[in-house]
Amino acid sequence: MQIPYELSLGWRYTRAGRATRRNGFISFISGVSMLGIALGVAALIIVLSVMNGFQKEVRDRMLGVLSHIEVFTPSGEAIPDLPRTLAEIQRHPQVLGAAPFIGAQGLIARGEDMKGAIVRGIDPALEPRVTELAAQLSATVLPRLAPGQFGIVLGGELARSLGVREGDTVTLIAPSGQVTPAGVVPRIKQMTVVGTFDSGHFEYDSGLALLHQDDAARIFRLEGPTGVRVRLQDLQKAREVAVQIAGSLSGDLLVRDWTRQNRTWFAAVQLEKRMMFIILTLIVAVAAFNLVSTLVMTVTDKRADIAILRTLGASPRSIMGVFVVQGAMVGVIGTLSGLALGLLVAFNIDTLVPALERLLGATFLPQDIYLISRMPSDPQSTDIVPIAVISLVLAFVATLYPSWRASRVNPAEALRYE
């Protein structure tokens, strides 16, 4: 099959000039443009992959502690008809498990140290159906939460900040107290630490306490669970299922899915991801439009060649096609090189970053700030494909003006001084 001469000539111009002093600078600028496109594409892929991995890692650790959906009363009181509510929730085909709970806030004190905490009263037999954390603790710690024993399970960071271990005693202070002639006196209860947990999510490890729901009901003066936690087959359908469950429930109950529980955090991550995409795309655009100067110099250098082609019968469209091919080749090679480099780093970042940390003696992800201690990466085709397409489109657009200039070269003027 005969290859169109525009392709072969454009490819020849792309790789020519390295051995001659006359065209060496043009070839150097072309190589710089290609390298700029490659580095820009690679940077985009690496940054977005790390942001995807960071979001996925934090989301998975959040959902190890949180349920996919929560059903609760607006006033924070006990659910009026818990058996009926559980039956209505479990009727949905997406629901894998449901467990009642009591949610409250309190202060946990040990000596002079006092920490605020989210206090969650759970049913140790049902809780493993709705969270990964409870499933991991179901055979070890949760059986120790017996009703009437007032045992408590603390997050690992919370226990360390209070200086307590298993078997120690802490004081749980409920915010709503009893009204006495001397004023409102908060309810205080001595609790025994029966275990600790480490979910891998610093926020919950430093501020969550679990106890039996019967004990929580007695401490907070409630008649029963204030809500129901629900686990789904597909967590990505949580918002849709939450709407459906809300429409099927009897009574005045609110339904909240996991995307709304941490809406501010996820919205911030999405906004940051979009801004990084725009900023790094500008880097690719700058590198792509370096092709304009490269092709303008090439057109100036090849005016005699263009004139000869025109006298041999080449049309202006063919001349334009030659230089479009030259610029597009630079864009294609740069984009493919950037894709290869970016994917190579993105898929091996879990080994590259620790090596770099050891080399520099630094920690890039302090766990108390970023919630995780290792650099995650999750390359997704929904990011990689647009990056490649945008890079190729920018490179192609950058070739149009110089190629049009080449097609407008007058053969007589170009050959006058040759």
Margin query: Test of understanding: among 187, 160, which residue is surrounded by fewer than 20 Cβ atoms within 10 Å (Cβ to Cβ) and part of a strand (DSSP E or B)?
Written below: 187
Check: What single numbered condition from (1) open to solvent by 20 Å² or more (accessible area, probe 1.4 Å); (2) under 30 Å from residue 52 (Cα atoms); (3) among the aliphatic types (A, V, I, L, M) fails to hold for residue 308?
Finding: (2)
Note to self: Between a residue in the range 265-283 that is open to solvent by 60 Å² or more (accessible area, probe 1.4 Å) and any residue that is small (Gly, Ala, Ser) and assigned to a helix (DSSP H, G or I), which pairs come within a Cβ distance under 9 Å, given they are 6 or more apart or on different chains?
What the structure shows: 282/40; 283/36; 283/40; 283/43
Check: Taking the range 227-241 on its own, how many of its residues are of a type in the set (Gly, Ala, Ser) and open to solvent by 10 Å² or more (accessible area, probe 1.4 Å)?
Finding: 0
Check: If you go through the range 202-214, how many residues are at pLDDT below 85 and farther than 11 Å from residue 156 by Cβ?
Finding: 1
Notebook entry, point to check: Residue check: is residue 94 among the polar types (S, T, N, Q) and in contact (Cβ under 8 Å) with a residue 40 or more places away in the chain?
Noted result: yes
Margin query: Looking at 166, 77, 88 in this structure, which one is more than 33 Å from the chain's Cα centre (by Cα), acidic (Asp, Glu), part of a loop (DSSP other than H, G, I, E, B) and farther than 22 Å from residue 206 by Cβ?
Written below: 77
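Please find, within the range 52-74, the residue that is farthest from the chain's Cα centre (by Cα) out of those that are of a type in the set (A, V, I, L, M) and at pLDDT 85 or above.
Within the range 52-74, the first condition is being of a type in the set (A, V, I, L, M), and the residues that meet it are 58, 62-63, 65-66, 69, 71.
Subsequent filtering for residues that are at pLDDT 85 or above retains 69, 71.
Numbers: 69: 21, 71: 27 Å.
Going through the qualifying residues, I end up with 71.
Looking for something touching a residue at least 24 places away in the same chain (Cβ under 8 Å) and of a type in the set (Ser, Thr, Tyr) - is there at least one such residue anywhere in the range 211-226? It would help to see each step written out before you state the result.
Applying the first criterion (touching a residue at least 24 places away in the same chain (Cβ under 8 Å)) to the range 211-226 yields 211-217, 219-226.
Add one more test, that the residue is of a type in the set (Ser, Thr, Tyr), and what stays is 226.
Looking through the range 211-226, at least one residue is touching a residue at least 24 places away in the same chain (Cβ under 8 Å) and of a type in the set (Ser, Thr, Tyr).
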Notebook entry, point to check: Of the conditions (1) touching a Ser or Thr at 6+ places or on another chain (Cβ under 8 Å); (2) charged (D, E, K, R); (3) under 30 Å from residue 45 (Cβ atoms), residue 273 fails just one. Which one is it?
Noted result: (1)
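How many residues does the range 193-209 contain that are of a type in the set (Gly, Ala, Ser) and in a strand (DSSP E or B)? Spell out how you get there, then give the answer.
Keep residues of the range 193-209 that are of a type in the set (Gly, Ala, Ser), which gives 195, 199-200, 206-207, 209.
Going one step further and asking which of them are in a strand (DSSP E or B), we end up with 195, 209.
Qualifying residue count, the range 193-209: 2.
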Next item on the list: Looking only at the range 250-264, decide whether some residue is more than 27 Å from residue 199 (Cβ to Cβ) and open to solvent by 60 Å² or more (accessible area, probe 1.4 Å).
Entry: yes
Notebook entry, point to check: If you go through the range 86-106 one residue at a time, how many are surrounded by fewer than 17 Cβ atoms within 10 Å (Cβ to Cβ) and under 20 Å from residue 145 (Cα atoms)?
Noted result: 1
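Just to check your reading of the model, which residue among 177, 167, 148 is at pLDDT below 90, open to solvent by 30 Å² or more (accessible area, probe 1.4 Å) and within 18 Å of residue 216 (Cβ to Cβ)?
Details: 177 fails: open to solvent by 30 Å² or more (accessible area, probe 1.4 Å); 167 fails: within 18 Å of residue 216 (Cβ to Cβ).
The unique qualifying residue is 148.
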Margin query: Conditions first: (1) open to solvent by 10 Å² or more (accessible area, probe 1.4 Å); (2) acidic (Asp, Glu); (3) under 21 Å from residue 62 (Cα atoms). Residue 127 passes all but one, so which condition is the exception?
Written below: (1)
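Do we have any residue at all in the range 367-388 that's at pLDDT below 80, farther than 30 Å from residue 299 by Cα and exposed (fewer than 13 other Cβ atoms within 10 Å of the Cβ)? Steps first, please.
Of the range 367-388, the ones at pLDDT below 80 are 367-375.
Remaining after also requiring farther than 30 Å from residue 299 by Cα: 367-375.
When the remaining residues are screened for being exposed (fewer than 13 other Cβ atoms within 10 Å of the Cβ), the result is 368-369.
Among the residues of the range 367-388, at least one is at pLDDT below 80, farther than 30 Å from residue 299 by Cα and exposed (fewer than 13 other Cβ atoms within 10 Å of the Cβ), which makes the answer yes.
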Next item on the list: Kindly provide the set of residues from the range 210-229 that are out of contact with any helix residue (DSSP H, G or I) (no Cβ under 7 Å at 6 or more places or on another chain) and part of a strand (DSSP E or B), ordered by number.
Entry: 210, 211, 212, 227, 229
Item checked: Which numbered condition residue 135 misses (of (1) open to solvent by less than 20 Å² (accessible area, probe 1.4 Å); (2) at pLDDT below 90) -> (1)
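The values are calculated or read from the model by the stated rules, or taken from the named source; none is laboratory data. For clarity, every value in this text was computed on a predicted model and none was experimentally measured. Cβ sites come from the backbone with ideal geometry, for glycine too, and all protein chains shown count toward neighbours. These accessible areas exclude ligands, DNA and RNA; they are computed on the full protein's heavy atoms, side chains included. Shrake-Rupley method; radii C 1.70, N 1.55, O 1.52, S 1.80 Å.
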